[in-house]
Amino acid sequence: MSPSISSDAPQRPIHFGPFEVTNQVFLTTPHSFALVNLKPLLPGHVLVCPLRPHRRLTELSPPELTDLWSSVQRIQRMLARHYFLSAPTPTSPSPSPSPTPSTQSSSSPPEYLGSFNIALQDGPESGQTVPHVHVHVIPRIRGCTAKSTATPSDELYDRMASEDGNVGGWQWDHQQSQTRRPEPGGQFPRIEDTDRMARAMEEMETEAGLYRGILNAMEQEEKELEKSGVRKEVESVVPF
């Protein structure tokens, strides 16, 4: 493991938005940190954040983005090793004393023995309650906390947009460092599958063409900025 990646206790205070979360942090990297939740939606539900308190994903530099998602992958592998190699009880964030071994081949990587929800609420309108970019990493344990096959919907998404998923509210209750308690939000309106009609190919091609045009305009603006000597930390994106 790189000396700049550490699973030791942090040696300096770490903040998640306005909240100090140093004692909740279990991983630090050159640009990111990971912390345990005060009220996890499911066992193993953790958060991964950039060290700098960026409010929106578009504020991260390319090195910060790479580091953030590499950290998410590392934590997936760790959680898979802890939760997927046994069958813990759904009410406890830790494996039961007598775990039930997985029935899948032992040659499979641990992360293939279960699944994950990876979610990022980017801005208050999406349900973000702490103004600091954070990625939710939530293991779905086979035969225990996996999505029900009885319905096409997943209750987890409703819970993320409700008080159950109010990360900022929980931290406020714990530290009360803000004058106003954050409120949950970002719930998708309920749409019946029967109301969702497949679009015509022409409509989809028109939309794809619109996005290509916007991306081309953005690239031209970036080239003009480079010519004028203004540096922007953006990656060149070539539309297909």
Would you please list the contacts, defined by Cβ atoms under 8 Å and residues six or more apart or on different chains, that run from a residue in the stretch 63-78 that is in contact (Cβ under 8 Å) with a residue 12 or more places away in the chain and over 13 Å from H134 (Cα atoms) to a residue that is open to solvent by 30 Å² or more (accessible area, probe 1.4 Å) and part of a helix (DSSP H, G or I)?
Q76/E111; R77/P110; R77/E111
Determine whether P93 is open to solvent by less than 80 Å² (accessible area, probe 1.4 Å), modelled with pLDDT of 90 or more and within 20 Å of the chain's Cα centre (by Cα).
no
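Within the stretch 31-43, is there a residue that is of a type outside the set (A, V, I, L, M), free of Cβ contacts under 8 Å to residues at least 40 places away in the same chain and open to solvent by less than 30 Å² (accessible area, probe 1.4 Å)?
Checked the stretch 31-43: at least one residue is of a type outside the set (A, V, I, L, M), free of Cβ contacts under 8 Å to residues at least 40 places away in the same chain and open to solvent by less than 30 Å² (accessible area, probe 1.4 Å).
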Being at pLDDT 85 or above, under 25 Å from M78 (Cβ atoms) and not hydroxyl-bearing (S, T, Y) narrows it down to one residue among A208, A119; which is it?
A119
Number of positions in the stretch 12-34 that are within 13 Å of V72 (Cα to Cα) and of a type in the set (S, T, N, Q)
3
Conditions (1) surrounded by 15 or more Cβ atoms within 10 Å (Cβ to Cβ); (2) out of contact with any His (no Cβ under 6 Å at 6 or more places or on another chain); (3) modelled with pLDDT of 95 or more: number failed by T58
(1)
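Examine the stretch 50-59 for a residue that is of a type outside the set (S, T, Y) and assigned to a helix (DSSP H, G or I), and state whether such a residue exists.
Taking the stretch 50-59 and keeping what is of a type outside the set (S, T, Y), we get 50-57, 59.
From what is left, the residues that are assigned to a helix (DSSP H, G or I) are 57, 59.
Looking through the stretch 50-59, at least one residue is of a type outside the set (S, T, Y) and assigned to a helix (DSSP H, G or I).
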Of T58, T66, T22, the only residue that is within 29 Å of P109 (Cα to Cα) and among the hydroxyl-bearing types (S, T, Y) is T66
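The values are calculated or read from the model by the stated rules, or taken from the named source; none is laboratory data. Fair warning: this is a prediction, and the values are worked out from it, not measured in the lab. So basically every Cβ, Gly included, is an ideal-geometry build from the backbone, and we count neighbours across all protein chains shown. Ligands, DNA and RNA are stripped out before the accessible areas are found, and what is left, the full protein with its side chains, is counted by its heavy atoms. Shrake-Rupley method; radii C 1.70, N 1.55, O 1.52, S 1.80 Å.
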